[in-house]
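Contents: one structure, followed by commentary.
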């Protein structure tokens, strides 16, 4: 079952859905993508051994879409939480998990700046193409980074993939410091275009 968003989150979600009609079509587009079975991003796949070596058990996939990375984590034996704003997307994740008989996938609904989870609930977090979403403001991005840090346990690992101009990226990296996320690397993945960044960080 898709877990309900909290009352404090519902009002802002309604505003987002009202003010940004493009997101109204988002869930439908995700369902269309389901048939394509788009493979996981190579950089995320390559992070699996790293997570295992660091004893990661619980991972949250922030902005999971139809769950290509959440399902990947579950197949690899992690306890995966698929987290997204779209209920339609999360229902697609649940459907695919049932088809694959994966019992270690959980779904959670909400936005990245207000994750309905306890402090330190996860060993690792993935944020894939969330912070560069067109309906996120600069402040939304900063809040999302702080919230990701909050739900990570001390020593937890964060993997963030986003597309932003270098100047905006540099400003965003300052928020990582404020959130006590120590950035260990910033790289351009070989399989993608310029201004598409892979950030690895560790919760202090």
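Computed from the coordinates by the stated procedures, all read-outs in this text should not be read as laboratory data. Here the structure is a predicted model, which is why all the values come from computation and not from measurement. Ideal geometry is used to build each Cβ from the backbone, glycine not excepted, and the neighbour counts take in all protein chains shown.
Numbers for the structure displayed
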item: Stokes-Einstein D (µm²/s) once Rh is taken as the Kirkwood radius of segment 111-167 over alpha-carbon pairs, at 25 °C in 0.890 mPa s; result: 210
item: Over segment 113-186, relative contact order from alpha-carbon pairs under 8 Å, at least 6 apart, %; result: 40
item: Relative packing of 40-46, 67-73, 142-148, which averages over residues the other C-beta atoms within 10 Å, highest first; result: 67-73, 142-148, 40-46
